[in-house]
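The values are calculated or read from the model by the stated rules, or taken from the named source; none is laboratory data. Note that the coordinates shown come from a computational prediction; the quantities given were computed from them, not determined experimentally. Every residue, glycine among them, receives a Cβ derived from its backbone with ideal geometry; neighbour counts consider all protein chains shown.
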Amino acid sequence: MNTTPIVIQGGRVIDPASAIDGDFDVLVLDGEIEAVERRGQLTAPDGADIVDARGLWVVPGLVDAHAHLRDPGFPEKETIASGLRAAAAGGFTAVAAMANTDPVNDSPEITRYMLERANEAHSARLIPVAAVTRNLAGAENVDYAAMAAAGARMFSDDGMPVDNEVVLVRAMDAARQLNLAISLHEEDRALSSGGALNEGAVARHLGVKGYSNDAESRRVRRDLALALGSGAPVHIAHVSTRDSLELIRHAKRQGARVTCEVTPHHFAADESAALRWGPNAKMNPPLRACDDVAAIRDAIADGAIDMIATDHAPHDPHSKHIDELAPYFDPARDAAKLPTDAAVSFCGAANGIVGLETALGLAMELVAKSLIGAPRLVEMMSLNPAALLRIEAGTLAAGSRADITLIDPNVKWLLEPARFLSKSRNTPFAGRAMTGRAIMTIVGGAIVYDRRRGVDGIEEAALTR
Ligand SMILES: [Zn+2]
């Protein structure tokens, strides 16, 4: 690839994989990191694009191990192009695209379609996730080797649990042979059925059915035992309960090849958000009680949680029943008990919230509260997800792919969904005061997002590369 050389000068380079955290300059040449040298030591090549990174963090590009890009199938919610632009605006250089599209990504044709659309987008990289079972129906195993050959880098039926143990064990055996991870959405639907919110005070107050912690942790217990038996690399998606975390800690001590992720909303909000944000605070697994949020924060701080993943789940207002439910919810005050028809509407509203453009701002709250330091943030949002997805990313070491994110750790901003590059606006964090955001995103040595040039900078970058 021939791109303009880039010299990133004056920033704080944070690259835990290279044990670097300090004042360095970075030279990017032909899509690769050519050199990382002490500040002032690099000579810029003729014609280089000089990026002034004073006051900024220069980190390996953020990697999201869990996003729903809705393409093929749901262009009113998101497309691969809009999703990858939202990713780049959020500081992500690579995004794992879950398989619950229409058609489902259970065939090499769909994987190739996704990669082609991503290639045309000239933005963040798309990392395909193949389904575990055909059409996510839980019955028939996918041809994992064929999917891996087409470019899939993980397997998941996310959105749906894999109920059948025999099917799951077969998938784990294949995953072990291919050395690719299986990401599991853990839900025992016999226990969660009809549950729209965490089982507890908020669900009772609104008059909607609850979804118990057990629905998640019972399935986590089963699958960790299967993982230990099979030796497969198993990843537990969007962990939301204290019990699940205890089980994961135990399995790790026993030597299971298990990793887990938490979403920003599960550490930054609790079940009470539903009182104000209604369907925009409804997701699966649900926002949990304060005690679970405290357990999640502890597990982030002590390393039991390996990574932060967005579970970016864009939905249009119609799918979220926004019109029907708007009369009952107001961000300024708690809702009263819902009339029966509104409770039914709430339960039927689509699950999930957008995350690509909110994740970094919410993660920076963990740093501001000294729960984690900046290097650990980079591990959780770049190095560890890159390792999970088996992709070349997660480090700024000389010779590696030039996927780089520049973060202003001090800039204060208000989250305004109207400014999202995502096609969807479903978030309970509208109006939240944030500190820290992505300023520039470089993918394969090309600047694909540059906030300092304004949002139109994306178009410019795409045209000039
Ligand atoms: Zn899920």
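Just a few scattered comments:
- Enumeration of residues in region 350-370 that are assigned to a loop (DSSP other than H, G, I, E, B) and buried (at least 21 other Cβ atoms within 10 Å of the Cβ): Gly352, Ile353, Val354, Gly355, Leu356, Glu357, Thr358
- For region 386-400, the condition holds for no residue, the condition being that it is at negative phi, among the charged types (D, E, K, R) and over 19 Å from the mean Cα position of the chain (by Cα).
- The residues of region 416-451 that are among the polar types (S, T, N, Q) and assigned to a loop (DSSP other than H, G, I, E, B), listed by number, are Ser422, Ser424, Asn426, Thr427.
- Residues located in region 79-103, provided they are touching a strand residue (DSSP E or B) at 6+ places or on another chain (Cβ under 9 Å) and either within 16 Å of the ligand (Cβ to nearest atom) or at positive phi (or both): Gly91, Val95, Ala96, Ala97, Met98, Ala99
- On the stretch given as region 301-311, residues that are more than 15 Å from the chain's Cα centre (by Cα) and buried (at least 22 other Cβ atoms within 10 Å of the Cβ) total 0.
- Residues in region 232-247 that are within 16 Å of the ligand (Cβ to nearest atom) and not β-branched (Val, Ile, Thr) were compared, and the one that is farthest from Arg176 (Cα to Cα) is Ser240.
- Qualifying positions in region 309-332 - touching a helix residue (DSSP H, G or I) at 6+ places or on another chain (Cβ under 6 Å) and of a type outside the set (A, V, I, L, M, F, W, C): Thr310, Lys320, His321, Glu324, Tyr328, Pro331
- Helices (runs of 4 or more DSSP H) lying entirely in region 117-231 (those with 1 or more residues that are in contact with a Leu (Cβ under 8 Å, 6 or more places away or on another chain) and either more than 16 Å from the ligand (Cβ to nearest atom) or among the charged types (D, E, K, R) (or both)): 144-150, 165-178, 201-206, 213-230
- Leading residue by the ranking (nearest to the chain's Cα centre (by Cα)) among those in region 268-282 that are among the hydrophobic types (A, V, I, L, M, F, W, C) and surrounded by 24 or more Cβ atoms within 10 Å (Cβ to Cβ): Ala281
- Among the residues making up region 371-395, those that are touching a residue at least 60 places away in the same chain (Cβ under 8 Å) and not in a helix (DSSP H, G or I) are Leu371, Ile372, Arg390, Ile391, Ala393, Gly394, Thr395.
- Which listed residue, of Ser183, Ser193, is modelled with pLDDT under 95 and over 15 Å from Thr111 (Cα atoms): Ser193
- Against the test of being over 23 Å from Met172 (Cα atoms) and either at pLDDT 95 or above or not acidic (Asp, Glu) (or both), the options Ile80, Ile110 yield a single qualifying residue, Ile80.
- In region 278-292, the residues that are under 15 Å from Asn426 (Cβ atoms) and aliphatic (A, V, I, L, M): Ala281, Met283, Leu287
- Residue within region 337-348 that is closer than 26 Å to Glu76 by Cα, of a type in the set (A, V, I, L, M, F, W, C) and loosely packed, with under 14 Cβ neighbours inside 10 Å present: no
- Here Leu126, Leu168, Leu136, Leu191 are screened, and the one residue that is touching a residue at least 12 places away in the same chain (Cβ under 8 Å), on the phi < 0 side of the Ramachandran plot and in contact with an Asp or Glu (Cβ under 6 Å, 6 or more places away or on another chain) is Leu191.
- Once region 248-290 is narrowed to residues that are among the basic types (Lys, Arg) and away from the ligand (no atom under 16 Å from the Cβ), the residue that is nearest to Ala203 (Cα to Cα) is Arg276.
- None of Val26, Val58 is in contact with a Lys or Arg (Cβ under 9 Å, 6 or more places away or on another chain), buried (at least 23 other Cβ atoms within 10 Å of the Cβ) and part of a strand (DSSP E or B) except Val58.
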